[in-house]
1. Filter the range 3-50 for residues that are within 18 Å of Phe144 (Cβ to Cβ) and at pLDDT below 85; which is surrounded by the fewest Cβ atoms within 10 Å (Cβ to Cβ)?
2. Which of the residues spanning the range 165-200 are among the acidic types (Asp, Glu), touching a helix residue (DSSP H, G or I) at 6+ places or on another chain (Cβ under 9 Å) and at pLDDT 80 or above?
3. Every residue in the range 106-122 that is acidic (Asp, Glu), under 15 Å from the mean Cα position of the chain (by Cα) and more than 11 Å from Leu148 (Cβ to Cβ), please.
4. Would you mention how many residues in the range 207-227 are closer than 17 Å to Ala99 by Cβ and touching a residue at least 60 places away in the same chain (Cβ under 8 Å)?
Amino acid sequence: MTETKKTRIGSAEIASLIRRDIKTGELSAKERLPPERVLAESYNVARGTVRDALNKLAEESLVEIRAGSGTYVTFDPSEDTGNVIMNARPLELIDARFALEPHICRLAVLHARQNELDELERLLETMENSVNDVPTFASADTAFHSLLAETTANSLLIWIVSQINSVRSQKEWSNMRRVVLNEETIANYNRQHRDVLNAIRARDPEQAAAAMKEHLESARLSLTRNAAT
């Protein structure tokens, strides 16, 4: 199971890491996760942070938390209804994100709580400090977009975004990130993420949506250029 002890991370990132392990089969259906205490030590965080991460995964029906027994993986790839998403081409996923994420930003303006804005800020600072560290940037980036969806409190949107984000942990996407993400690209993405968060903090829904569209257009352009090489 993925571990990290380099820096203190938040519940969104822990959920992202465990989600990846579940989706890639490193954690299999019906498997019991390590106790909260062990996970907290593994990720160098408080047990409450781990508990929040597990609750997120339970809301996505990836795990089941059984009182007095532990947390068990409930996701079964053989029964997964997300095969269409899992088999989608990168540009198809970007188009799907265009349809969803700008409006998610509008909803974040309406519904995001202060603690969620603070966590988005922390994730963005992690990305801004990781221009030369693609894995750390990518993990925080995924967590950032996941948390934007969670601010809406819309369970269907949260589920769809979790399905889309799970694809980004696949080997093909990891290889693509190594090609696409360089210092200049990451710095540009960080500026765009900053514009998104600033607009949400300013409670400007259309500016937040426009900033997200600009970010996704940059991502689309990066993928198009990579496909052409």
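The values are calculated or read from the model by the stated rules, or taken from the named source; none is laboratory data. Computed from a predicted structure; not experimentally measured. Reconstructed Cβ throughout: ideal geometry from the backbone, glycine too, with neighbour counts over all protein chains shown.
1. Thr7
2. Passing the criteria: only Asp195.
3. Residues of the range 106-122 that are acidic (Asp, Glu), as a first pass: 116, 118-119, 121.
Remaining after also requiring under 15 Å from the mean Cα position of the chain (by Cα): 116, 119, 121.
Correct list: Glu121 only.
4. Residues in the range 207-227 being closer than 17 Å to Ala99 by Cβ and touching a residue at least 60 places away in the same chain (Cβ under 8 Å): 10 in total.
Per-residue answers, yes or no, for (1) over 17 Å from the mean Cα position of the chain (by Cα); (2) modelled with pLDDT of 95 or more; (3) of a type in the set (Lys, Arg):
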position: Asp76; (1), (2), (3): yes, no, no
position: Pro90; (1), (2), (3): no, no, no
position: Arg97; (1), (2), (3): no, no, yes
position: Ile104; (1), (2), (3): no, yes, no
position: Thr136; (1), (2), (3): no, no, no
position: Thr142; (1), (2), (3): no, no, no
position: Ile158; (1), (2), (3): no, no, no
position: Gln163; (1), (2), (3): no, no, no
